[in-house]
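The values are calculated or read from the model by the stated rules, or taken from the named source; none is laboratory data. As the structure is a prediction and not an experimental result, all values here were calculated from the model. Note that we place each Cβ from the backbone using ideal geometry, even for glycine, and neighbour counts take in every protein chain shown.
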Amino acid sequence: MALDEIQNLLKEFDGMKKALEKAEFQLQKRSAELESANKELQEKLIDLENTKKATLNLLDDLSEEKKKSEERAEELQKFQLVVENTSQHVVITDASGVVIYANQAAEKLTGYSHEEIIGSKPSLWGKQMPKEFYADMWRTIKDEKKTFAGELQNKKKNGETYTAFAVISPVVNAKGELKFFVGLETDVTKNKEYERMLISEKKRVDEKVKEKTKELQEEQARLLASINSLSFGFVIADLNDNVIVKNAVLSTILELTEEPVSMKSIIDSFKGVTSGLDVLTHSCRECIDLKKVVELKEISHGKKYLRVFCTPIIMKNETSQDMQETVIGYAMLIEDVTEAKIMERSRDEFFAVASHELRTPLTAIRGNADMMLEMYTDKIVDKDMKEMLQDIDTSSVRLINIVNDFLEVSRLEQGKIEIKKENFNVSDVVEKVVRDLKTMDEQKGLSLVYIAPPSPLPIVFADKNRTEQILVNLVGNAAKFTKEGGITITASVAGNFIGIRVIDTGLGISEHNQALLFRKFQQAGEQMLARDVTQSTGLGLYISKLIISSMGGTIGIEKSELGKGSTFMFTLPISE
């Protein structure tokens, strides 16, 4: 019983196993089906998501395209406004040349209305040029499909012709097919008139320039002929010392072997004469800086003696209110004075010898005249005889002074007089001269004063006795030519120098004749100068100038005016 039950149970278990295996098979099959369905579903979901994204992208693209279309429409509207309101005549035609658009400027320029222009051809206001012109235009824009540009004549509706500059461009599609033409026209009638006026004016100016050029060439030829005919060397240089023009005499005097291209080559020809070279270089600069003529009376060049003038070339700006002057270069004149120098030296030697020979008898005459006047005054009862002896004494004194001047000039020029330089206070010298000469000037009714500076002057380095001699000479001259008023002496610092001025209230010297001063043996008659120089040898100022130059100073007339007086000034170097 138990065995049967067990067997039955085994059968049931076996049946249950089979049922379970079958159920498991069915389950696996169903699971596979479900998995396949799920996979298919997932694929459909992915397709659906992709479709959704594509749809969204399409919507975005449509939105962006709509935005761009709106922007294009706005830009097109702006472009249309610009074209419509531009001052240039603008027309658009189809491929056959029929006008499909014209702006307001086209109506205004041609005089035709918008309705008259649209549907017509540009020949409505054209046809004023030769047939060949239009044939060339159509070949360019239609056959060659290139832009055409050129001037042409058109006619307005009222019959008035005008000149226009036209630019016509063909417009083609991507396939290169001609779609339409765009034409722009600008009225250049006034411009052409201005152009004709300019051409006429240019022609007139060109003729004027040719005329002036010819005049300048003729003037240049005359100038060059004059320069080349000069008996002294002549050269013009710019501010960079480049030689602009020179004459042949310059090369002859300076014995130049090559044509000078700059002032350096000219100045270098003075090599071996260091002092002369320095002075010449300085003079060229000085004439430019001070805008005045600088003269070198004597400068050595080998065995020659030369006289040099440096003068600035000044251009006045007539357009400015103050007539401003600008130095654009300078000219140098070089004269060979060797022969004159030799003659002068011979003359000076003659004067020196003659003076020595004259001084001995003159001294004897003066001594005897003095002695006769002193010892026999009471015994000479004849008035005329006494006056004759006085005239002999006065004339001998004057002749001795003249001889002494001759001798001093000769010694100074030959460097035989020693300049004894020392340190001293120039105020002491001035005060001494004032004390010595004050009484004599007071006898003439003149005042003589020294206005000392508020602070002590620096010590000068010069010859004290010679300084006194120069000051006495200047004060004596001032007293001689001053009838009323007086003489004032001042002293002041001027850079590295002390300047001493002698100011008088005399007759004065005309500006033209001031240049005659400080020259050797130079005398001028009353018709030339306001001063009376008939009692002078003309050597006083010349001697003063030689002495001052030897001491390293300068002397000259600072200012003078007829009827108001003169101011002479000399300078002395301050002691280092």
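Worth pointing out:
- Residue within the stretch 469-479 that is modelled with pLDDT of 90 or more, more than 42 Å from the chain's Cα centre (by Cα) and under 18 Å from P573 (Cα atoms) present: yes
- Hey, E43 in the same structural domain as G126 (by TED's automatic domain parsing), at pLDDT 75 or above and either in a helix (DSSP H, G or I) or surrounded by fewer than 10 Cβ atoms within 10 Å (Cβ to Cβ) (or both) or not: no
- Selection of the stretch 409-426 for residues being modelled with pLDDT of 85 or more, buried (at least 17 other Cβ atoms within 10 Å of the Cβ) and not β-branched (V, I, T) yields K421, F424.
- K157 assigned to a loop (DSSP other than H, G, I, E, B) and without any contact (Cβ under 8 Å) to a residue 60 or more places away in the chain: yes
- Subset of the stretch 183-215 (residues that are among the small types (G, A, S) and part of a helix (DSSP H, G or I)): S200
- Selected residue [small (G, A, S) and loosely packed, with under 10 Cβ neighbours inside 10 Å] from G183, G159: G159
- Test for V205: is it within 21 Å of V327 (Cα to Cα) and either within 24 Å of the chain's Cα centre (by Cα) or of a type outside the set (F, W, Y) (or both): no
- The condition (being under 22 Å from K108 (Cβ atoms) and among the charged types (D, E, K, R)) is satisfied by just one residue among K202, K156: K156.
- Answer residue from the stretch 217-264, given it is under 25 Å from the mean Cα position of the chain (by Cα) and part of a helix (DSSP H, G or I) and is surrounded by the most Cβ atoms within 10 Å (Cβ to Cβ) among those: M263
- Pairs with Cβ under 9 Å, 6+ apart, first in the stretch 490-513 and over 30 Å from E576 (Cβ atoms), second charged (D, E, K, R) and assigned to a helix (DSSP H, G or I): G506/K480
- Matching entry among D441, D436, D463 (being among the acidic types (D, E) and touching a Leu at 6+ places or on another chain (Cβ under 6 Å)): D441
- Scope the stretch 520-536; condition surrounded by fewer than 14 Cβ atoms within 10 Å (Cβ to Cβ) and at pLDDT 55 or above; matching residues: F521
- Number of positions in the stretch 161-189 that are in contact (Cβ under 8 Å) with a residue 40 or more places away in the chain and over 16 Å from Q88 (Cβ atoms): 3
- Test: residue in the stretch 161-168 that is part of a helix (DSSP H, G or I), out of contact with any Lys or Arg (no Cβ under 9 Å at 6 or more places or on another chain) and not polar (S, T, N, Q): no
- Flag for K127 being in a loop (DSSP other than H, G, I, E, B) and farther than 20 Å from V98 by Cα: no
- Matching option when the condition is outside any strand (DSSP E or B) and of a type in the set (V, I, T), among I487, I500, I509: I509
- A single member of V493, V475, V460 is among the β-branched types (V, I, T), surrounded by fewer than 20 Cβ atoms within 10 Å (Cβ to Cβ) and over 25 Å from E295 (Cα atoms), and it is V493.
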